[in-house]
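The values are calculated or read from the model by the stated rules, or taken from the named source; none is laboratory data. Worth saying up front: this structure is predicted, and the values here are computed from it rather than measured. Heads up, the Cβs are rebuilt from the backbone with ideal geometry, glycines too, and the neighbour counts pull from every protein chain shown. Accessible surface is based on the protein model in full, side chains and every heavy atom, while ligands, DNA and RNA are left aside. Shrake-Rupley method; radii C 1.70, N 1.55, O 1.52, S 1.80 Å.
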Amino acid sequence: MPHVVTQSCCADASCVFACPVNCIHPTPDEPDFGTASMLYIDPDSCVDCGACVGACPVGAITAASRLTPDQQPFELLNAAYFEQPAPRPLQAPVPTLVRRQSTAPVSVAVVGSGPAGMFTVEELLKHADVRVTVLERLTEPFGLARFGVAPDHPRTREVVRLFDRLLSDPRVTLVTGQEVDDAGLRDLQARHDAVVLATGASHDRLLGLPGEDLPGVHGARPLVAWYNGHPDHRDDAPDLSTERVVVVGQGNVALDVARILTRDPERLADTDISPAALAALRTSAVTEVVVVGRRGPVGAAFSVSELVGLAGLPDVDVVVDPDDLADAVPPTTEEQVRVELLRDLAARERRPGTRAVRLVFGAEPVEVRGDDRVRGLRLRSRGGDELLIETGLVVRSVGYAVPARPGTSVAPHGGLHHDAGRALSDAGLPNGLYVVGWTKRGPRGQLGTNRACARETVNSVVRDLNRSVVERSA
Ligand code: NAP
(Lines give C-alpha, C1' and ligand atoms only; values in the text may rest on other atoms or scores of the structure.)
Protein backbone atom coordinates (compact mmCIF):
# COMPACT_ATOMS: atom_id res chain seq x y z
CA MET A 1 0.00 0.00 0.00
CA PRO A 2 1.47 3.40 -0.93
CA HIS A 3 1.71 6.42 1.31
CA VAL A 4 -0.69 9.30 0.87
CA VAL A 5 -0.41 13.08 1.44
CA THR A 6 -3.40 14.42 3.39
CA GLN A 7 -4.99 17.70 4.36
CA SER A 8 -2.37 19.39 6.50
CA CYS A 9 0.23 19.33 3.66
CA CYS A 10 2.25 22.55 3.86
CA ALA A 11 3.96 21.92 0.48
CA ASP A 12 7.44 22.79 1.77
CA ALA A 13 8.90 19.87 -0.25
CA SER A 14 10.80 18.27 2.66
CA CYS A 15 9.19 14.98 1.65
CA VAL A 16 10.29 15.45 -1.98
CA PHE A 17 13.93 15.38 -0.93
CA ALA A 18 13.44 12.53 1.53
CA CYS A 19 11.83 10.27 -1.06
CA PRO A 20 14.41 7.86 -2.50
CA VAL A 21 12.39 7.13 -5.63
CA ASN A 22 11.22 10.64 -6.53
CA CYS A 23 7.55 9.77 -6.36
CA ILE A 24 6.35 13.01 -4.72
CA HIS A 25 5.30 15.85 -7.03
CA PRO A 26 5.28 18.61 -8.01
CA THR A 27 8.94 19.10 -7.11
CA PRO A 28 10.23 22.66 -6.61
CA ASP A 29 11.57 22.78 -10.16
CA GLU A 30 8.29 21.71 -11.76
CA PRO A 31 6.13 24.51 -13.12
CA ASP A 32 3.08 23.83 -10.95
CA PHE A 33 5.02 23.77 -7.65
CA GLY A 34 4.29 27.42 -6.84
CA THR A 35 0.57 27.06 -7.45
CA ALA A 36 -0.10 23.54 -6.12
CA SER A 37 -2.30 23.53 -3.05
CA MET A 38 -0.60 20.34 -1.84
CA LEU A 39 1.90 17.70 -2.95
CA TYR A 40 0.96 14.21 -4.13
CA ILE A 41 2.49 10.74 -3.91
CA ASP A 42 2.46 8.60 -7.04
CA PRO A 43 0.87 5.31 -5.88
CA ASP A 44 2.54 3.39 -8.71
CA SER A 45 6.09 4.45 -7.82
CA CYS A 46 5.85 4.64 -4.01
CA VAL A 47 7.95 1.90 -2.43
CA ASP A 48 6.21 2.41 0.91
CA CYS A 49 9.48 3.05 2.77
CA GLY A 50 7.98 5.80 4.94
CA ALA A 51 10.98 8.14 4.56
CA CYS A 52 8.59 10.97 3.72
CA VAL A 53 6.61 10.47 6.93
CA GLY A 54 9.53 11.47 9.13
CA ALA A 55 10.52 14.35 6.83
CA CYS A 56 7.09 16.01 6.79
CA PRO A 57 7.09 18.84 9.36
CA VAL A 58 3.29 18.78 9.78
CA GLY A 59 2.45 15.07 9.95
CA ALA A 60 0.51 15.14 6.68
CA ILE A 61 1.67 11.78 5.28
CA THR A 62 0.23 8.45 6.24
CA ALA A 63 0.13 4.91 4.87
CA ALA A 64 -2.96 4.35 2.72
CA SER A 65 -3.91 1.45 4.98
CA ARG A 66 -4.14 3.87 7.93
CA LEU A 67 -6.40 6.46 6.33
CA THR A 68 -9.55 7.16 8.31
CA PRO A 69 -12.84 6.93 6.37
CA ASP A 70 -12.95 10.75 6.11
CA GLN A 71 -9.44 10.76 4.66
CA GLN A 72 -10.18 8.17 1.94
CA PRO A 73 -10.67 10.82 -0.80
CA PHE A 74 -6.99 11.72 -0.41
CA GLU A 75 -5.97 8.36 -1.85
CA LEU A 76 -7.92 9.20 -5.01
CA LEU A 77 -6.67 12.78 -4.98
CA ASN A 78 -3.00 11.70 -4.79
CA ALA A 79 -3.49 9.21 -7.62
CA ALA A 80 -5.48 11.72 -9.69
CA TYR A 81 -2.55 14.12 -9.91
CA PHE A 82 -0.51 11.51 -11.77
CA GLU A 83 -3.21 10.85 -14.33
CA GLN A 84 -2.31 14.18 -15.92
CA PRO A 85 0.49 13.76 -18.44
CA ALA A 86 3.66 15.54 -17.33
CA PRO A 87 7.31 14.77 -17.77
CA ARG A 88 8.80 13.84 -14.40
CA PRO A 89 12.53 14.00 -13.63
CA LEU A 90 14.05 10.69 -12.57
CA GLN A 91 15.54 11.84 -9.29
CA ALA A 92 14.29 14.37 -6.77
CA PRO A 93 16.23 17.44 -7.78
CA VAL A 94 18.11 19.49 -5.20
CA PRO A 95 17.63 23.17 -6.10
CA THR A 96 21.03 24.73 -6.60
CA LEU A 97 22.29 26.56 -3.55
CA VAL A 98 24.48 29.49 -4.49
CA ARG A 99 27.62 29.32 -2.30
CA ARG A 100 29.38 32.29 -0.76
CA GLN A 101 32.82 32.98 -2.22
CA SER A 102 34.19 34.55 0.94
CA THR A 103 34.40 33.53 4.57
CA ALA A 104 34.17 37.13 5.83
CA PRO A 105 31.28 37.30 8.30
CA VAL A 106 28.13 38.96 7.04
CA SER A 107 25.02 40.01 8.87
CA VAL A 108 21.53 39.86 7.43
CA ALA A 109 18.38 41.36 8.93
CA VAL A 110 15.10 39.61 8.31
CA VAL A 111 12.07 41.80 8.99
CA GLY A 112 9.15 39.59 10.03
CA SER A 113 9.24 36.19 11.71
CA GLY A 114 6.31 34.53 9.94
CA PRO A 115 6.80 31.46 7.73
CA ALA A 116 8.48 33.48 4.94
CA GLY A 117 10.92 35.06 7.38
CA MET A 118 11.69 31.78 9.13
CA PHE A 119 12.28 29.80 5.92
CA THR A 120 14.62 32.65 4.94
CA VAL A 121 16.48 32.13 8.21
CA GLU A 122 16.73 28.41 7.41
CA GLU A 123 18.26 29.19 4.01
CA LEU A 124 20.67 31.79 5.42
CA LEU A 125 21.92 29.34 8.05
CA LYS A 126 23.14 27.05 5.27
CA HIS A 127 26.02 29.55 4.95
CA ALA A 128 28.50 29.20 7.80
CA ASP A 129 29.54 32.82 8.21
CA VAL A 130 26.15 34.47 8.22
CA ARG A 131 24.61 36.04 11.32
CA VAL A 132 20.90 36.68 11.20
CA THR A 133 18.85 39.19 13.15
CA VAL A 134 15.10 38.62 12.97
CA LEU A 135 12.94 41.60 13.84
CA GLU A 136 9.36 40.94 14.87
CA ARG A 137 6.74 43.61 15.60
CA LEU A 138 4.81 41.44 18.06
CA THR A 139 6.05 40.04 21.33
CA GLU A 140 5.71 36.49 20.00
CA PRO A 141 7.29 35.20 16.77
CA PHE A 142 6.00 33.18 13.77
CA GLY A 143 3.28 35.44 12.34
CA LEU A 144 0.70 33.54 10.30
CA ALA A 145 1.97 30.16 11.55
CA ARG A 146 0.76 31.25 14.99
CA PHE A 147 -1.98 33.81 14.25
CA GLY A 148 -3.22 32.74 10.82
CA VAL A 149 -3.53 28.94 10.79
CA ALA A 150 -6.97 27.84 11.98
CA PRO A 151 -6.90 26.44 15.51
CA ASP A 152 -8.59 23.21 14.36
CA HIS A 153 -5.58 22.54 12.08
CA PRO A 154 -3.11 21.66 14.84
CA ARG A 155 -0.87 19.63 12.53
CA THR A 156 -0.26 22.62 10.27
CA ARG A 157 0.74 24.58 13.35
CA GLU A 158 3.45 22.00 14.08
CA VAL A 159 5.70 23.87 11.65
CA VAL A 160 6.51 26.21 14.57
CA ARG A 161 8.66 23.40 16.02
CA LEU A 162 10.96 23.73 13.02
CA PHE A 163 11.00 27.51 13.50
CA ASP A 164 11.81 27.13 17.21
CA ARG A 165 14.79 24.97 16.26
CA LEU A 166 16.03 27.66 13.88
CA LEU A 167 15.79 30.32 16.58
CA SER A 168 17.86 28.20 18.94
CA ASP A 169 20.85 28.46 16.54
CA PRO A 170 23.47 30.72 18.17
CA ARG A 171 23.89 32.62 14.88
CA VAL A 172 20.32 33.88 15.11
CA THR A 173 19.08 36.78 17.24
CA LEU A 174 15.36 37.39 17.57
CA VAL A 175 14.27 40.89 18.51
CA THR A 176 10.58 41.00 19.37
CA GLY A 177 8.37 44.03 19.95
CA GLN A 178 10.29 45.86 17.20
CA GLU A 179 8.23 47.60 14.55
CA VAL A 180 10.38 48.52 11.56
CA ASP A 181 9.06 51.70 9.91
CA ASP A 182 10.54 53.25 6.76
CA ALA A 183 13.26 55.10 8.72
CA GLY A 184 13.99 51.89 10.64
CA LEU A 185 14.39 50.04 7.36
CA ARG A 186 17.00 52.54 6.16
CA ASP A 187 18.78 52.23 9.51
CA LEU A 188 18.82 48.43 9.17
CA GLN A 189 20.24 48.72 5.65
CA ALA A 190 23.06 50.87 7.01
CA ARG A 191 23.90 48.33 9.73
CA HIS A 192 23.55 45.01 7.83
CA ASP A 193 24.94 43.54 4.64
CA ALA A 194 21.43 42.72 3.46
CA VAL A 195 17.86 43.30 4.65
CA VAL A 196 15.07 40.90 3.70
CA LEU A 197 11.50 42.12 4.01
CA ALA A 198 9.12 39.33 5.08
CA THR A 199 6.24 41.37 6.45
CA GLY A 200 3.51 39.66 4.45
CA ALA A 201 0.17 41.03 3.41
CA SER A 202 -1.03 43.10 6.34
CA HIS A 203 -4.18 44.59 4.79
CA ASP A 204 -7.57 43.19 3.75
CA ARG A 205 -8.62 43.69 0.15
CA LEU A 206 -11.91 45.56 -0.13
CA LEU A 207 -15.00 44.70 -2.15
CA GLY A 208 -15.68 48.23 -3.33
CA LEU A 209 -19.44 47.75 -2.89
CA PRO A 210 -22.10 50.18 -1.66
CA GLY A 211 -22.80 49.53 2.02
CA GLU A 212 -19.39 47.97 2.68
CA ASP A 213 -18.74 50.46 5.50
CA LEU A 214 -21.84 49.46 7.48
CA PRO A 215 -21.38 48.05 10.98
CA GLY A 216 -21.60 44.27 10.64
CA VAL A 217 -19.16 44.01 7.69
CA HIS A 218 -16.07 42.32 9.05
CA GLY A 219 -12.72 41.62 7.41
CA ALA A 220 -11.56 37.99 7.43
CA ARG A 221 -8.05 39.03 8.45
CA PRO A 222 -9.05 40.63 11.79
CA LEU A 223 -11.57 37.84 12.38
CA VAL A 224 -8.95 35.11 11.94
CA ALA A 225 -6.52 37.10 14.08
CA TRP A 226 -9.23 37.50 16.76
CA TYR A 227 -9.96 33.79 17.13
CA ASN A 228 -6.22 33.07 17.16
CA GLY A 229 -5.62 35.50 20.04
CA HIS A 230 -3.57 38.05 18.07
CA PRO A 231 -2.76 40.86 20.51
CA ASP A 232 -3.81 43.59 18.04
CA HIS A 233 -7.21 42.04 17.47
CA ARG A 234 -8.56 41.22 20.91
CA ASP A 235 -11.34 43.79 20.39
CA ASP A 236 -12.25 42.57 16.91
CA ALA A 237 -14.95 40.13 18.01
CA PRO A 238 -17.66 39.83 15.35
CA ASP A 239 -21.29 40.22 16.37
CA LEU A 240 -22.46 36.60 16.55
CA SER A 241 -26.04 37.42 17.52
CA THR A 242 -27.18 36.75 13.94
CA GLU A 243 -28.38 33.30 12.84
CA ARG A 244 -26.88 33.57 9.37
CA VAL A 245 -23.41 34.81 8.42
CA VAL A 246 -22.42 35.45 4.80
CA VAL A 247 -18.77 35.06 3.83
CA VAL A 248 -17.83 36.67 0.51
CA GLY A 249 -15.05 34.81 -1.31
CA GLN A 250 -14.40 31.07 -1.52
CA GLY A 251 -10.69 30.80 -0.76
CA ASN A 252 -9.23 28.64 1.99
CA VAL A 253 -9.47 31.56 4.42
CA ALA A 254 -13.23 31.70 3.77
CA LEU A 255 -13.51 27.97 4.56
CA ASP A 256 -11.43 28.45 7.74
CA VAL A 257 -13.75 31.22 8.91
CA ALA A 258 -16.89 29.27 8.01
CA ARG A 259 -15.65 26.19 9.88
CA ILE A 260 -14.69 28.04 13.03
CA LEU A 261 -18.07 29.83 13.14
CA THR A 262 -20.03 26.58 12.71
CA ARG A 263 -18.04 23.96 14.62
CA ASP A 264 -19.23 22.68 17.96
CA PRO A 265 -17.25 24.94 20.32
CA GLU A 266 -16.57 21.96 22.60
CA ARG A 267 -14.52 20.40 19.79
CA LEU A 268 -12.42 23.58 19.68
CA ALA A 269 -11.91 23.72 23.43
CA ASP A 270 -8.68 21.70 23.34
CA THR A 271 -7.15 23.75 20.53
CA ASP A 272 -5.11 26.96 20.61
CA ILE A 273 -8.22 29.06 19.99
CA SER A 274 -8.30 32.24 22.06
CA PRO A 275 -10.32 31.80 25.28
CA ALA A 276 -12.33 34.95 24.45
CA ALA A 277 -13.24 33.59 21.02
CA LEU A 278 -14.21 30.23 22.50
CA ALA A 279 -16.46 31.96 25.02
CA ALA A 280 -18.08 34.02 22.24
CA LEU A 281 -18.64 30.91 20.09
CA ARG A 282 -20.28 29.13 23.02
CA THR A 283 -23.00 31.79 23.11
CA SER A 284 -23.16 32.37 19.35
CA ALA A 285 -26.58 32.40 17.63
CA VAL A 286 -25.08 31.41 14.27
CA THR A 287 -26.62 28.31 12.71
CA GLU A 288 -25.58 28.78 9.08
CA VAL A 289 -22.61 30.30 7.26
CA VAL A 290 -23.18 30.96 3.55
CA VAL A 291 -19.92 31.04 1.58
CA VAL A 292 -20.46 32.92 -1.67
CA GLY A 293 -18.19 32.62 -4.73
CA ARG A 294 -18.44 34.29 -8.10
CA ARG A 295 -16.99 31.31 -9.95
CA GLY A 296 -18.68 27.98 -10.51
CA PRO A 297 -17.76 24.85 -8.54
CA VAL A 298 -14.95 24.08 -10.99
CA GLY A 299 -12.10 26.42 -10.28
CA ALA A 300 -13.46 27.83 -7.01
CA ALA A 301 -10.52 29.15 -4.99
CA PHE A 302 -10.64 26.68 -2.06
CA SER A 303 -8.38 23.66 -2.38
CA VAL A 304 -9.80 20.18 -2.74
CA SER A 305 -7.89 19.06 0.35
CA GLU A 306 -9.68 21.68 2.47
CA LEU A 307 -13.02 20.64 0.99
CA VAL A 308 -12.29 17.01 1.91
CA GLY A 309 -11.52 18.15 5.46
CA LEU A 310 -14.72 20.19 5.67
CA ALA A 311 -16.83 17.38 4.23
CA GLY A 312 -15.53 14.97 6.86
CA LEU A 313 -16.42 17.05 9.92
CA PRO A 314 -18.73 15.22 12.29
CA ASP A 315 -20.22 18.43 13.67
CA VAL A 316 -20.92 20.50 10.52
CA ASP A 317 -23.21 19.86 7.54
CA VAL A 318 -22.04 21.14 4.16
CA VAL A 319 -24.94 22.17 1.96
CA VAL A 320 -24.60 22.32 -1.83
CA ASP A 321 -27.37 22.98 -4.37
CA PRO A 322 -27.28 20.16 -6.96
CA ASP A 323 -28.37 22.69 -9.63
CA ASP A 324 -25.02 24.47 -9.16
CA LEU A 325 -23.29 21.27 -10.31
CA ALA A 326 -25.48 20.48 -13.29
CA ASP A 327 -23.16 22.03 -15.91
CA ALA A 328 -19.88 21.36 -14.12
CA VAL A 329 -17.34 19.93 -16.57
CA PRO A 330 -14.15 19.25 -14.64
CA PRO A 331 -11.12 19.71 -16.91
CA THR A 332 -8.66 17.74 -14.75
CA THR A 333 -8.85 14.65 -12.60
CA GLU A 334 -8.32 16.80 -9.49
CA GLU A 335 -11.31 18.93 -10.46
CA GLN A 336 -13.25 15.71 -11.00
CA VAL A 337 -12.52 14.73 -7.39
CA ARG A 338 -13.75 18.18 -6.31
CA VAL A 339 -17.00 17.94 -8.28
CA GLU A 340 -17.63 14.33 -7.19
CA LEU A 341 -17.24 15.39 -3.58
CA LEU A 342 -19.59 18.33 -4.08
CA ARG A 343 -22.12 15.95 -5.68
CA ASP A 344 -21.80 13.68 -2.67
CA LEU A 345 -22.40 16.67 -0.38
CA ALA A 346 -25.41 17.80 -2.44
CA ALA A 347 -26.97 14.35 -1.96
CA ARG A 348 -26.46 14.22 1.80
CA GLU A 349 -29.37 14.51 4.24
CA ARG A 350 -29.22 17.40 6.69
CA ARG A 351 -28.67 16.30 10.28
CA PRO A 352 -31.26 17.99 12.52
CA GLY A 353 -29.72 20.50 14.93
CA THR A 354 -26.38 20.53 13.11
CA ARG A 355 -24.93 23.85 12.01
CA ALA A 356 -24.22 24.22 8.32
CA VAL A 357 -21.81 25.71 5.85
CA ARG A 358 -23.70 26.47 2.61
CA LEU A 359 -21.62 26.86 -0.54
CA VAL A 360 -23.18 29.18 -3.13
CA PHE A 361 -21.48 29.30 -6.54
CA GLY A 362 -21.64 31.70 -9.47
CA ALA A 363 -22.95 34.65 -7.48
CA GLU A 364 -21.42 38.12 -7.57
CA PRO A 365 -22.09 40.41 -4.60
CA VAL A 366 -23.47 43.77 -5.73
CA GLU A 367 -24.56 45.60 -2.57
CA VAL A 368 -24.45 45.32 1.19
CA ARG A 369 -27.96 46.22 2.35
CA GLY A 370 -28.67 47.80 5.71
CA ASP A 371 -29.70 50.83 7.74
CA ASP A 372 -27.79 51.46 10.95
CA ARG A 373 -26.12 48.09 10.37
CA VAL A 374 -25.96 45.22 7.88
CA ARG A 375 -29.28 43.52 7.09
CA GLY A 376 -28.41 41.59 3.95
CA LEU A 377 -26.23 41.02 0.92
CA ARG A 378 -27.57 41.43 -2.60
CA LEU A 379 -26.12 39.00 -5.15
CA ARG A 380 -26.39 38.66 -8.91
CA SER A 381 -26.25 35.23 -10.49
CA ARG A 382 -24.47 34.56 -13.75
CA GLY A 383 -27.87 34.43 -15.44
CA GLY A 384 -28.55 37.98 -14.19
CA ASP A 385 -31.07 37.06 -11.46
CA GLU A 386 -30.81 38.97 -8.21
CA LEU A 387 -31.06 37.46 -4.77
CA LEU A 388 -31.01 39.03 -1.30
CA ILE A 389 -29.56 36.94 1.52
CA GLU A 390 -30.62 38.27 4.90
CA THR A 391 -27.82 38.42 7.41
CA GLY A 392 -26.46 40.47 10.28
CA LEU A 393 -22.80 39.72 9.57
CA VAL A 394 -20.94 39.85 6.25
CA VAL A 395 -17.36 38.62 6.32
CA ARG A 396 -15.21 39.90 3.49
CA SER A 397 -12.72 37.17 2.58
CA VAL A 398 -11.49 38.27 -0.83
CA GLY A 399 -7.77 38.10 -0.22
CA TYR A 400 -5.12 40.16 1.48
CA ALA A 401 -3.06 43.12 0.24
CA VAL A 402 0.64 43.93 0.54
CA PRO A 403 1.37 47.57 1.41
CA ALA A 404 4.10 49.29 -0.62
CA ARG A 405 7.26 50.64 1.03
CA PRO A 406 8.99 53.82 -0.16
CA GLY A 407 10.98 53.10 -3.29
CA THR A 408 8.87 50.04 -4.13
CA SER A 409 5.44 49.52 -5.61
CA VAL A 410 2.89 46.73 -5.74
CA ALA A 411 2.97 44.60 -8.90
CA PRO A 412 -0.15 43.13 -10.58
CA HIS A 413 0.52 39.77 -8.88
CA GLY A 414 -0.09 41.47 -5.52
CA GLY A 415 3.49 41.41 -4.18
CA LEU A 416 6.16 44.09 -4.61
CA HIS A 417 7.97 44.42 -7.92
CA HIS A 418 11.09 42.25 -7.68
CA ASP A 419 13.68 40.34 -9.63
CA ALA A 420 14.35 36.92 -8.04
CA GLY A 421 13.73 38.50 -4.62
CA ARG A 422 15.55 41.81 -5.23
CA ALA A 423 12.99 44.56 -4.65
CA LEU A 424 12.82 46.91 -7.62
CA SER A 425 12.31 50.66 -7.69
CA ASP A 426 9.71 52.23 -9.96
CA ALA A 427 12.51 52.60 -12.50
CA GLY A 428 12.91 48.80 -12.42
CA LEU A 429 16.27 48.85 -10.64
CA PRO A 430 17.23 46.90 -7.49
CA ASN A 431 16.85 49.26 -4.54
CA GLY A 432 19.00 47.31 -2.07
CA LEU A 433 16.12 45.57 -0.30
CA TYR A 434 15.17 41.91 -0.68
CA VAL A 435 11.67 40.49 -0.45
CA VAL A 436 10.28 37.04 0.33
CA GLY A 437 6.94 35.32 0.88
CA TRP A 438 3.69 37.17 0.29
CA THR A 439 5.61 40.49 0.17
CA LYS A 440 7.31 39.04 -2.92
CA ARG A 441 4.78 36.69 -4.51
CA GLY A 442 1.49 38.23 -3.45
CA PRO A 443 -0.92 36.66 -0.97
CA ARG A 444 -1.12 33.08 -2.23
CA GLY A 445 0.43 29.72 -1.50
CA GLN A 446 0.79 27.32 1.40
CA LEU A 447 3.12 27.81 4.37
CA GLY A 448 5.79 25.58 2.86
CA THR A 449 5.72 27.36 -0.51
CA ASN A 450 7.94 29.84 1.30
CA ARG A 451 10.83 27.39 1.44
CA ALA A 452 11.60 27.45 -2.31
CA CYS A 453 10.72 31.16 -2.39
CA ALA A 454 13.26 31.82 0.39
CA ARG A 455 15.90 29.77 -1.45
CA GLU A 456 15.52 32.02 -4.48
CA THR A 457 15.76 35.25 -2.45
CA VAL A 458 18.73 34.05 -0.37
CA ASN A 459 20.48 32.94 -3.56
CA SER A 460 20.09 36.53 -4.81
CA VAL A 461 21.49 37.88 -1.53
CA VAL A 462 24.49 35.56 -1.80
CA ARG A 463 25.06 36.36 -5.50
CA ASP A 464 25.09 40.09 -4.69
CA LEU A 465 27.46 39.55 -1.75
CA ASN A 466 29.74 37.50 -3.98
CA ARG A 467 29.66 40.24 -6.62
CA SER A 468 30.59 42.93 -4.09
CA VAL A 469 33.55 40.76 -2.92
CA VAL A 470 34.74 40.50 -6.54
CA GLU A 471 34.26 44.26 -7.06
CA ARG A 472 36.15 45.12 -3.84
CA SER A 473 39.08 42.89 -4.78
CA ALA A 474 39.22 44.17 -8.39
P1 NAP B 1 -7.76 33.44 -2.28
O2 NAP B 1 -7.44 32.01 -2.31
O3 NAP B 1 -7.13 34.34 -3.27
O4 NAP B 1 -9.37 33.57 -2.40
C5 NAP B 1 -9.98 34.81 -2.55
C6 NAP B 1 -11.45 34.62 -2.88
O7 NAP B 1 -12.05 35.91 -2.96
C8 NAP B 1 -11.70 33.95 -4.23
O9 NAP B 1 -12.83 33.14 -4.12
C10 NAP B 1 -11.97 35.15 -5.14
O11 NAP B 1 -12.77 34.86 -6.23
C12 NAP B 1 -12.75 36.03 -4.20
N13 NAP B 1 -12.80 37.43 -4.61
C14 NAP B 1 -11.75 38.26 -4.84
N15 NAP B 1 -12.22 39.49 -5.16
C16 NAP B 1 -13.57 39.42 -5.12
C17 NAP B 1 -14.61 40.35 -5.33
N18 NAP B 1 -14.35 41.61 -5.66
N19 NAP B 1 -15.88 39.92 -5.21
C20 NAP B 1 -16.15 38.65 -4.88
N21 NAP B 1 -15.21 37.72 -4.65
C22 NAP B 1 -13.93 38.10 -4.77
O23 NAP B 1 -7.41 34.11 -0.89
P24 NAP B 1 -7.48 33.61 0.63
O25 NAP B 1 -8.63 32.72 0.89
O26 NAP B 1 -7.37 34.89 1.40
O27 NAP B 1 -6.14 32.76 0.83
C28 NAP B 1 -4.83 33.34 0.63
C29 NAP B 1 -3.82 32.20 0.42
O30 NAP B 1 -3.60 31.50 1.64
C31 NAP B 1 -4.28 31.18 -0.59
O32 NAP B 1 -3.20 30.74 -1.37
C33 NAP B 1 -4.78 30.04 0.27
O34 NAP B 1 -4.74 28.78 -0.34
C35 NAP B 1 -3.80 30.12 1.45
N36 NAP B 1 -4.42 29.49 2.64
C37 NAP B 1 -4.31 28.15 2.76
C38 NAP B 1 -4.92 27.53 3.82
C39 NAP B 1 -4.85 26.04 3.94
O40 NAP B 1 -4.20 25.38 3.17
N41 NAP B 1 -5.52 25.47 4.88
C42 NAP B 1 -5.65 28.25 4.75
C43 NAP B 1 -5.74 29.62 4.59
C44 NAP B 1 -5.12 30.24 3.51
P45 NAP B 1 -12.13 34.47 -7.64
O46 NAP B 1 -11.59 33.11 -7.44
O47 NAP B 1 -13.29 34.57 -8.56
O48 NAP B 1 -11.07 35.51 -7.91
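How much of the accessible area of the chain, probe 1.4 Å, is carbon plus sulfur, in whole percent?
Numbers: 10220 of 20500 Å².
For the chain, the apolar C and S fraction of the accessible surface comes to 50 percent.
For the pair R382 and E364, label points projected 7 Å from Cα toward Cβ lie 1.2 nm apart. The accessible area of I24, taken with all protein chains in place and a 1.4 Å probe, comes to roughly 0 Å². Rounded to the nearest 5, the antiparallel percentage of DSSP beta bridges internal to the stretch 21-158 is 25%.
Take the alpha-carbon positions of the stretch 3-81, form their convex hull, and give its projected area averaged over all directions (one quarter of the hull surface) in nm². It would help to have the intermediate numbers written out before the result.
Working: hull surface 18.6 nm².
About 4.6 nm², averaged over all directions.
Between Q101 and A269, the simple spin-label model (points 7 angstrom out along Cα→Cβ) gives 6.4 nm.
In the context of the full set of protein chains, residues of the chain present 43 Å² of accessible surface per residue (probe radius 1.4 Å, heavy atoms only).
Let me know the charge dipole size of the stretch 206-399 about its Cα centre in debye, to the nearest 20, where only the beta-carbon of Lys, Arg (+1) and Asp, Glu (-1) is charged. Charge dipole of the stretch 206-399: 40 debye, to the nearest 20.
What dipole magnitude, in Debye to the nearest 20, does the stretch 264-378 give about its Cα centre under +1 on Lys/Arg Cβ and -1 on Asp/Glu Cβ?
Numbers: 15 positive and 21 negative charges, 63 e Å.
Computed about the Cα centre, the dipole is about 300 debye.
How big is the dipole moment of the stretch 296-441 about its Cα centre under a simple scheme where the beta carbon of each Lys and Arg is +1, that of each Asp and Glu is -1, and everything else is neutral? Debye, nearest 20, please. Can you show the working numbers first?
Numbers: 18 positive and 21 negative charges, 118 e Å.
Its charge dipole is roughly 560 debye.
A straight chain from A404 to R350 at 0.36 nm per residue would run longer than the Cα-Cα distance by 14.8 nm. Between amide H atoms placed 1.01 Å from N, distances below 5 Å from V395 occur with H218, V246, V247, V248, all of them 5 or more places distant or on a separate chain. Net charge near D48, counting Lys/Arg +1 and Asp/Glu -1 over other residues with Cβ under 14 Å of its Cβ? Taking every Cβ under 14 Å from that of D48, the sum is -2.
Roughly what % antiparallel, to the nearest 5, for the DSSP beta bridges in the chain? Looking only at bridges with both residues in the chain, the antiparallel portion is about 40 percent. In angstrom, the C-alpha Rg and Dmax of the stretch 206-399 are 16.2, 48. Dipole orientation for the chain: of the candidates G251, V470, T96, V470 has the Cα lying most toward the positive pole (charges on Cβ; Lys, Arg +1; Asp, Glu -1).
Backbone N atoms of the stretch 104-131 closer than 17 Å to the 7 Å Cα→Cβ label point of R137 belong to residues 110-118.
Building the convex hull from the alpha-carbon atoms of the chain and averaging its projection over directions returns 23.9 nm².
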